[in-house]
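The values are calculated or read from the model by the stated rules, or taken from the named source; none is laboratory data. All values derive from a computational prediction rather than experimental measurement. Backbone-built Cβ (ideal geometry, glycine too); neighbour counts: all protein chains shown.
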Amino acid sequence: MADSPEFGKVVVFGVGLIGGSFALALKAAGEVGEVVGFGRSLGTLTQALELGIIDRVGANPGQEVADADLVLIATPVGQMPEIMARIAPYLGSDTVVTDGGSTKSDVVAAARAAFGDRIGQFVPAHPIAGAEHSGAAAARAELYRERKVVLTPLPENPVLNVARVRSAWEWCGAQIFELTPAEHDQVFAAVSHLPHLLSFALVHDLAVRDNRELYFTFAASGFRDFTRIAASHPEMWRDIALANREALLGELDRYQAQLAEMRAALAANDGKRLEEIFDTARTARRAWAEGNK
Ligand SMILES: NC(=O)c1ccc[n+]([C@@H]2O[C@H](COP(=O)([O-])OP(=O)(O)OC[C@H]3O[C@@H](n4cnc5c(N)ncnc54)[C@H](O)[C@@H]3O)[C@@H](O)[C@H]2O)c1
Ligand SMILES: O=C(O)C(=O)C[C@]1(C(=O)O)C=C[C@@H](O)C=C1
């Protein structure tokens, strides 16, 4: 632990799973002097205060960001444009703003619109760690330990600002990677956003059947593994799906083509083709799991 914390004051908008875990991790590392939280409801913020996630509930966003070292926006991505617009006029000249949103092109566009010629103070980020649980009570200091964080730095970002955000996530125990916002959104459409859509779709289809109880009674571990993420926050996933609509539509089309091929093989009793597909998928899944324990 350093003698004095790297970040004197951190302001978090959205003290839920992602924002709360970030605050707890920086506190556990001894690298933050004070955490000030803003939220949508006083109840959540009071809970965050009681859990020791934040030290104070913020009253005036403009005032709080003026002397903050770091501002993290960790609300659903649909809420970010308004928060950015609200704080932009008051940012201190040394304040660095970052976010934890699951999509990046829309967040960067909102940041450009809000921060204008101070866009260099905004360093976009996405922690690749999470859960189907949400809210301050779900936050934990270890969430980011040995997990990846993707930064999508902007050409306007001074090296020092990127270094500060990188350092904050490193104190949380994460490994840092860099992509462009477009690369980021393409990749996460395929490996995160599409799987969530599929999981919601499967459970929704069962949930609206009249005899759903029969199905849910016998659903077991395969169902549990496939559908854990269908318990995730609906508002958050609505915002992600809409924000990354183009890439997600492309991935849905690919997936539908894959399903169509499998349907055709099934209809034709083509066990050989089905087994080939299962085998390729199994090999890839096992290799991935081996490298991602
Ligand atoms: N949950 C995950 O697995 C995960 C992983 C990586 C990134 N993310 C991203 O992190 C962000 C937060 O997700 P989360 O899982 O922490 O959600 P969460 O629901 O746990 O927390 C979000 C918090 O933001 C607050 N909030 C909503 N609107 C607000 C506003 N206008 N002003 C201030 N506070 C507001 C909510 O009250 C809530 O406390 C999202 O952008 C999400 O895409 C989530
Ligand atoms: O573990 C989960 O429940 C998650 O959904 C985490 C997960 C993902 O892996 O897709 C979800 C959204 C993110 O932006 C990053 C991580």
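Worth a mention:
- Taking each residue of the stretch 97-117 that is in the same structural domain as Ala189 (by TED's automatic domain parsing) and looking for partners that are outside any helix (DSSP H, G or I) and surrounded by 24 or more Cβ atoms within 10 Å (Cβ to Cβ) with beta-carbon atoms closer than 9 Å, six or more apart or interchain, yields nothing.
- The one condition in (1) in contact (Cβ under 8 Å) with a residue 24 or more places away in the chain; (2) surrounded by 14 or more Cβ atoms within 10 Å (Cβ to Cβ); (3) of a type outside the set (Phe, Trp, Tyr); (4) more than 11 Å from ligand 1 (Cβ to nearest atom) that Pro158 fails to fulfil: (2)
- Looking across the stretch 169-193 at every residue that is closer than 19 Å to Leu72 by Cβ and of a type in the set (D, E, K, R), the one that is nearest to ligand 2 (Cβ to nearest atom) is identified as Glu178.
- Criterion: within 16 Å of the chain's Cα centre (by Cα) and assigned to a loop (DSSP other than H, G, I, E, B) - qualifying residue of Gly101, Gly20: Gly101
- Within the stretch 15-57, the only residue that satisfies the criterion of being within 16 Å of ligand 2 (Cβ to nearest atom) and aromatic (Phe, Trp, Tyr) is Phe22.
- In the condition set (1) buried (at least 20 other Cβ atoms within 10 Å of the Cβ); (2) farther than 18 Å from Val15 by Cα; (3) within 15 Å of ligand 2 (Cβ to nearest atom), Glu146 is compliant with all but (1).
- Any hit, the stretch 189-197, residues being away from ligand 1 (no atom under 15 Å from the Cβ), closer than 15 Å to Ile128 by Cα and surrounded by fewer than 17 Cβ atoms within 10 Å (Cβ to Cβ): yes
- Any chance Val11 is touching a Phe, Trp or Tyr at 6+ places or on another chain (Cβ under 8 Å) and farther than 22 Å from Ile240 by Cβ: yes
- Qualifying positions in the stretch 29-48 - surrounded by 17 or more Cβ atoms within 10 Å (Cβ to Cβ) and touching a Gly at 6+ places or on another chain (Cβ under 9 Å): Ala29, Val32, Val36, Gly37, Phe38, Gly39, Thr44, Leu45, Gln47, Ala48
- Looking only at the stretch 207-246, and only at residues there that are surrounded by 10 or more Cβ atoms within 10 Å (Cβ to Cβ) and aromatic (Phe, Trp, Tyr), the one that is nearest to Ser102 (Cα to Cα): Trp237
- Some residue of the stretch 67-89 being surrounded by fewer than 20 Cβ atoms within 10 Å (Cβ to Cβ), more than 11 Å from ligand 1 (Cβ to nearest atom) and assigned to a loop (DSSP other than H, G, I, E, B): yes
- Residue ID - farthest from ligand 2 (Cβ to nearest atom), chosen from residues in the stretch 1-14 that are in contact (Cβ under 8 Å) with a residue 60 or more places away in the chain and among the small types (Gly, Ala, Ser): Gly8
- The listed residue being surrounded by fewer than 19 Cβ atoms within 10 Å (Cβ to Cβ) and within 16 Å of ligand 2 (Cβ to nearest atom), out of His133, His126: His133
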